[in-house]
1. Quick one: how many residues across the stretch 6-40 are free of Cβ contacts under 8 Å to residues at least 12 places away in the same chain, loosely packed, with under 10 Cβ neighbours inside 10 Å and of a type outside the set (Asp, Glu)?
2. So, in the stretch 25-55, exactly how many residues are in a helix (DSSP H, G or I) and more than 20 Å from Lys106 (Cβ to Cβ)?
3. Just to confirm my filter: which helices (runs of 4 or more DSSP H) fall fully inside the stretch 62-140 and include at least 2 residues that are open to solvent by 70 Å² or more (accessible area, probe 1.4 Å) and modelled with pLDDT under 90?
Amino acid sequence: GDYKYNVWCKEHALTEEELAKQRAMKFSYEPKISILVPTFNTPEKFLREMIASVQAQTYANWELCIADGSTDDTTFPLLKEYKDKDSRIVLTKLDKNYGISGNTNKACAIYKTIVNDSSLSKQEKLAIQGKIRRCGRVVL
């Protein structure tokens, strides 16, 4: 399970030099990858980890579309803090919680990528996904 995957990840981790090469790489076609994130009273730790993971991606042409249906007083202000610092983050405060499907649908009408809090862990993941162009939808 997770142990074998973690071992594999460590054995195949990219060096800083390889990550820098990926960041500098330009493709002839660089589609914007929209990452949809529905939130509902998500713990701060998970939000910070998820956003940092997306921001660390070597492929930079992305937008993080967050639809927040939270009822607590902490989630939206935290998300707004990130949105105010990174123009690639698109944030919508919902009038109520529509559930995971409804909040996801509210995040973006057209999308290429769906992410949950554990999907993006490797900095090179979006660069790899960006190479997959024949598929109309990429699911991470």
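The values are calculated or read from the model by the stated rules, or taken from the named source; none is laboratory data. Model, not experiment: these values are computed from the prediction. Because the Cβ atoms are built from the backbone with ideal geometry, glycine has one as well, and the counts that use them run over all protein chains shown. The accessibility values were calculated without ligands, DNA or RNA, using every heavy atom of the protein model including side chains. Shrake-Rupley method; radii C 1.70, N 1.55, O 1.52, S 1.80 Å.
1. 6
2. Initially, the stretch 25-55 is screened for residues in a helix (DSSP H, G or I), giving 44-55.
Checking the rest, the ones that are also more than 20 Å from Lys106 (Cβ to Cβ) come to 44-45, 48-49, 52-53, 55.
Of the residues in the stretch 25-55, 7 are in a helix (DSSP H, G or I) and more than 20 Å from Lys106 (Cβ to Cβ).
3. Values: elements: 75-85, 99-107, 125-130.
Fully inside the stretch 62-140 and qualifying: 99-107.
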